[in-house]
Amino acid sequence: MDVPIQITVHDVPDARLAQVEEKIRRRAEKLERFCDHIVSCRVAIDRPHRFETSGNPYRMRIEVSVPPGHDIVVRKEPGDFDLHTDILTIVNAAFEAAERQLKELVARQRGEVKTHDEPLALVTRLFRDEGYGFLKTVDGRDIYFHHNAVVNDWDRLELGTQVRFEESMGDMGPQATTVQVVDKPGAALEHVDGKTIDEPLGWEGQAR
C-alpha cells in the first residue's frame, strides 16, 4: 500500500478500541492479496446518535483507491445489522464487501471479465436512504440491487443511469451481484438485437 492505512474511530468504548483497530489493520493488509497496487485505504467508524434505539449503533465506511483513478467504497449503516451485532462482525462484513469489489475490479483490469458480455440495464428506482434500488433490463425485468454491489461509488447513481450488471437468484428473487456504471443518466439502453429502452414515464417522481 503506497499510503499507510488511515483509521478514524469515534465513540467506540476504550475497552474495545485497540481490538477494533487491530482487526481493521489485519483486514486491510489482507486486501493486498487481491490487489498488489492499492494506493490508499481509509476506514471510518462512528456512532450516529439518531440510531441509539434502532438497529446497531455503528456506521462504517471503507474507501480503497486503486490506479488509475478507481475508488472502491463500502458503507455499512446502523440499519444493516441487528442491535446486538458485535462491532468486529461489522468490520468483517464491510471488508468482505470490499474484497468482492476489489476482486471484480482487478479482474476487469486484467481483462478476465468481458464487459461486453454482461447485460445492460437502466436504474429505474433508487432508494438512496435505504441503500438499494432496482434495474430495468432490456427484456423488461426488474432486478434488485444493494449499494454494496455497486462497483463505482454509490453516489454516482441516478435514475436513468445505464449500467452493466451480473445477476444471481436471491431469497426474494433475481438480484444484481455487481453493478457497473457505463453511461450518463438518461441515455437510452440498446441491446445487441437493436431493441432500446428509454426511461419509464414518470421516473422523475420515483427518487427519494
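A compact table of results
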{"item": "Conditions (1) touching a Pro at 6+ places or on another chain (Cβ under 8 Å); (2) outside any loop (DSSP other than H, G, I, E, B); (3) touching a residue at least 24 places away in the same chain (Cβ under 8 Å); number of the one not met by ASN148", "result": "(1)"}
{"item": "Qualifying residue in the range 5-26 (condition: under 18 Å from the mean Cα position of the chain (by Cα) and either assigned by TED's automatic domain parsing to the domain that holds LEU157 or at pLDDT 90 or above (or both))", "result": "no"}
{"item": "Extreme residue, farthest from SER65 (Cα to Cα), among residues of the range 9-37 that are touching an Asp or Glu at 6+ places or on another chain (Cβ under 8 Å) and either charged (D, E, K, R) or free of Cβ contacts under 8 Å to residues at least 40 places away in the same chain (or both)", "result": "ASP11"}
{"item": "Hits in the range 79-105 (condition: surrounded by 13 or more Cβ atoms within 10 Å (Cβ to Cβ), modelled with pLDDT under 85 and either farther than 29 Å from LYS136 by Cβ or in contact with a His (Cβ under 9 Å, 6 or more places away or on another chain) (or both))", "result": "PHE81, LEU105"}
{"item": "Condition met for VAL39 (assigned by TED's automatic domain parsing to the domain that holds ALA93, of a type outside the set (Ser, Thr, Tyr) and more than 18 Å from the chain's Cα centre (by Cα))", "result": "yes"}
{"item": "Entirely in the range 1-113, the strands (runs of 3 or more DSSP E) that have 1 or more residues that are out of contact with any helix residue (DSSP H, G or I) (no Cβ under 6 Å at 6 or more places or on another chain) and among the polar types (S, T, N, Q)", "result": "6-9, 40-46, 59-66"}
{"item": "All positions within the range 44-72 that are modelled with pLDDT of 85 or more and under 19 Å from GLY131 (Cα atoms)", "result": "ALA44, ILE45, ASP46, ARG47, TYR58, ARG59, MET60, ARG61, ILE62, GLU63"}
{"item": "Failed item, numbered, when ARG125 is tested on (1) modelled with pLDDT under 85; (2) closer than 25 Å to GLY79 by Cβ; (3) of a type in the set (Lys, Arg); (4) surrounded by 12 or more Cβ atoms within 10 Å (Cβ to Cβ)", "result": "(1)"}
{"item": "In the range 120-144, the residues that are in contact with a Phe, Trp or Tyr (Cβ under 7 Å, 6 or more places away or on another chain) and of a type in the set (Ser, Thr, Tyr)", "result": "THR124, TYR132, TYR144"}
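To keep it simple, each residue is scored yes or no on (1) under 29 Å from LEU31 (Cα atoms); (2) modelled with pLDDT under 80.
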residue: ASP139; (1), (2): no, yes
residue: VAL150; (1), (2): yes, no
residue: SER168; (1), (2): yes, yes
residue: VAL181; (1), (2): yes, no
residue: ASP198; (1), (2): no, yes
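The values are calculated or read from the model by the stated rules, or taken from the named source; none is laboratory data. Because the structure is a prediction, the values reported are computed rather than measured. Using ideal geometry, Cβ is built from the backbone for each residue, glycine included, and neighbour counts are taken over all protein chains shown.
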